[in-house]
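Written below as structure tokens is the structure these notes are about.
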Amino acid sequence: MRWNDRRRSDNVEDRRGQSSSASGGGNLPLGLIALLLRTKYGFVVIIVLVIASFMGFDFNSLTGETNQAPQRNEQQSALYNEAADFSSVVLASTEDFWQTIFAQAGKQYSYPKLVLYTNSTTTQCGTGTKIMGPFYCPADRKIYLDLSFYNEMKHSLGGGGEFAQGYVISHEVGHHVQHLLGITTQMREKQQMARSKAEANRLSVKLELQADCFAGMWGHFIAGEGRIDESDLLTAIKTAQAIGDDKLQQQQQGYAVPDSFTHGTAEQRKTWFMRGYNSGSIKSCDTFASSSLN
């Protein structure tokens with residue numbers, strides 16, 4: 001994916017290195033704990049040291065240990081900075097795309113913010129953690145992303161790749177679009193009237209597949225600018241399939257439970273992404289009016 005010469009977004013909030021808790025120092029070494037327990041007042045000293053740990057004191061310096069070699073830290077930092085730069089370019093391209101789409105419909109597009117964080121952060125939807133993966137919070141209109149998710153994509157979610165990473169961000173932007181159009185609110189109201197959990201889950205699937213379709217529309221837009229090729233497209237398709245509910249449940253528990261699906265199957269996610277990619281039209285993404293999601 002060609003992106004280095006493109007505009008960066010001004011709507012990126014970088015919270016990397018910050019924490020939603022007070023912890024920050026090194027962990028108390030086990031060897032030091034064992035030594036102190038042999039002394040008369042060891043237990044009291046340990047309590048004091050634990051408090052110091054929460055205040056940020058690095059106990060690794062007492063043993064000459066460090067979490068990582070400086071060179072590795074510098075290399076990792078450079079990679080994450082490049083990933084942050086890339087994410088800003090992707091967000092800018094979604095701004096350009098959706099601003100055009102909204103203008104064509106006589107509407108004003110309001111930009112979301114992309115929050116980059118490390119491990120955990122506070123949001124108006126509660127505490128966000130990296131185990132949640134990228135997510136959109138409609139209460140504050142922000143997309144939250146721990147950049148380490150890109151590593152997870154590379155190792156276990158379809159192999160990653162820049163266009164696949166862009167797909168993930170554009171999917172969350174799709175949820176922002178749904179919020180602006182009132183689709184999310186309508187879906188939540190229908191869920192409240194649902195007669196079963198399975199019925200409520202099917203509505204959630206429709207919302208997620210529509211966001212996939214919106215992401216496909218963004219892909220259609222940047223493909224028209226000559227910024228991706230066929231290999232880029234294949235990486236996005238592989239990622240869409242890798243995060244299908246059936247694939248994830250098979251990996252985690254050895255079997256899939258369709259009534260518990262909330263995001264759609266591997267094939268459904270591929271199908272709706274490609275529907276948006278091939279058409280570039282928002283009308284093609286109405287999952288709620290579709291008689292079949294396959």
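Here are the numbers:
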| quantity | calculated |
| --- | --- |
| Residue satisfying all of: in segment 91-111; open to solvent by less than 30 Å² (accessible area, probe 1.4 Å) and either small (Gly, Ala, Ser) or under 14 Å from the mean Cα position of the chain (by Cα) (or both); farthest from Asp146 (Cα to Cα) among these | Ser93 |
| Unique match (being assigned to a helix (DSSP H, G or I), open to solvent by 40 Å² or more (accessible area, probe 1.4 Å) and either farther than 16 Å from Thr287 by Cβ or free of Cβ contacts under 8 Å to residues at least 24 places away in the same chain (or both)) among Glu172, Glu189 | Glu189 |
| Top-ranked residue of segment 138-165 - restricted to ones that are assigned to a loop (DSSP other than H, G, I, E, B) and modelled with pLDDT of 90 or more, ranked as farthest from Val89 (Cα to Cα) | Ala139 |
| Residue in segment 139-155 that is surrounded by fewer than 21 Cβ atoms within 10 Å (Cβ to Cβ) and touching a Cys at 6+ places or on another chain (Cβ under 6 Å) present | yes |
| Filtered residues of segment 204-261 (kept if without any contact (Cβ under 8 Å) to a residue 24 or more places away in the chain, assigned to a loop (DSSP other than H, G, I, E, B) and either open to solvent by 50 Å² or more (accessible area, probe 1.4 Å) or more than 29 Å from Lys190 (Cβ to Cβ) (or both)) | Glu225, Asp229, Gly254, Tyr255, Val257 |
| 2 or more residues at pLDDT 90 or above: qualifying helices (runs of 4 or more DSSP H) within segment 28-137 | 70-104 |
| Odd one out for Gly166 among (1) open to solvent by 60 Å² or more (accessible area, probe 1.4 Å); (2) in contact (Cβ under 8 Å) with a residue 12 or more places away in the chain; (3) more than 25 Å from Gly126 (Cβ to Cβ) | (1) |
| Condition broken by Phe288, with the remaining ones in (1) touching a Gly at 6+ places or on another chain (Cβ under 7 Å); (2) assigned to a loop (DSSP other than H, G, I, E, B); (3) of a type in the set (Phe, Trp, Tyr) satisfied | (1) |
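The values are calculated or read from the model by the stated rules, or taken from the named source; none is laboratory data. As the structure is a prediction and not an experimental result, all values here were calculated from the model. We place every Cβ from the backbone using ideal geometry, glycine too, and count neighbours over all the protein chains shown. Please note that ligands, DNA and RNA were not included when accessible areas were found on the heavy atoms of the full protein model with its side chains. Shrake-Rupley method; radii C 1.70, N 1.55, O 1.52, S 1.80 Å.
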